[in-house]
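Here the structure is laid out as structure tokens; the discussion comes afterwards.
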Amino acid sequence: FLENNHALITVSDNALNVGSGSIQLLDLQSNEITPLIQNAYHAAYAKSGHIVFLRDSTIWAVPFALDELSINGNEVPMVPGVETYFQRGGASYAFSDNGRLIYINGNETTEQNSSRYIQWISRSGEIESINVDRGYYGNLSMSPDEAKLAMTLYEGDNSDIWVWDFGREILERRTFGNNSFGAIWSPDGSQLIYQSNGELGGITSISSNGSS
């Protein structure tokens, strides 16, 4: 999500290869879309004034003028070797307003049969492992207050949204339908917005604290 009622979305004409699409700007009031970046997916806006996105298994960044809603610089590769899921247009990274980047080291994967562990890297380059049991995690998203980390936990063909609490060092489940993935936080941190393939398929929201 951006300011001024806009959002960054991935648009693809191939539902089985979303990663081959492009990053576009969606006006949430008029529903008009504007192409921004070709051959890219899984974008987010950084408060440094950049759009961060995936191309292959590398995190890229490009300067973006928020007041003009336009790109004003060159695309630059930033972090190679990030775990991605090209088919669904997913990527295992998240960053905070203060510049902390969390990602899963890896490459493109279409299999969900191997376990992973989660690390974070600070601005100074220090890498620290998060004390989460090994599993198949994806779609990392940091809460606005940096106190929690939402993620998708895959078990075979099933997937659900879980939240890691940094302070209590506990992993809590948020969805139970075995068909949810790709959660992001609302700006105030009260809601998790995610994709579901169940009866209420599409974009769904739930209280981030699990109360409702």
Per residue and in cubic angstrom, what volume does the convex hull of the Cα atoms of segment 1-89 have? 88 Å³
For the full complex of protein chains and a 1.4 angstrom probe, list K148, K47 by accessible area with the highest value first. K47, K148
Tell me, what HN-Hα J-couplings in whole Hz come from the Karplus equation 6.51 cos²θ - 1.76 cosθ + 1.60 at θ = phi - 60° for each residue of segment 167-184, using x for Gly and Pro? x, 8, 6, 9, 9, 10, 7, 10, 10, 9, x, 6, 8, 10, 6, x, 6, 10
Charge tally in the Cβ shell below 12 Å around I121, where Lys, Arg are +1 and Asp, Glu are -1, I121 excluded: 0
Computed over the chain, Kirkwood Rh from alpha-carbon pairs, angstrom: 17.5 Å
Which order do the peptides 121-128, 162-169 come out in when sorted by mean C-beta neighbours inside 10 angstrom, highest first? 162-169, 121-128
Residue by residue through segment 21-35, which ³J(HN,Hα) values in whole Hz follow from phi under the Karplus form 6.51 cos²θ - 1.76 cosθ + 1.60 (θ = phi - 60°), with glycine and proline marked x? x, 9, 8, 10, 9, 9, 7, 6, 9, 9, 6, 6, 10, 10, x
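The values are calculated or read from the model by the stated rules, or taken from the named source; none is laboratory data. Just so it is clear, the model here is predicted, and its values are computed rather than measured. Neighbour counts are summed over all protein chains in view; Cβ atoms, including those assigned to glycine, are modelled from backbone coordinates with ideal geometry. We work out accessible area using only protein heavy atoms, side chains counted, and drop any ligands, DNA or RNA first. Shrake-Rupley method; radii C 1.70, N 1.55, O 1.52, S 1.80 Å.
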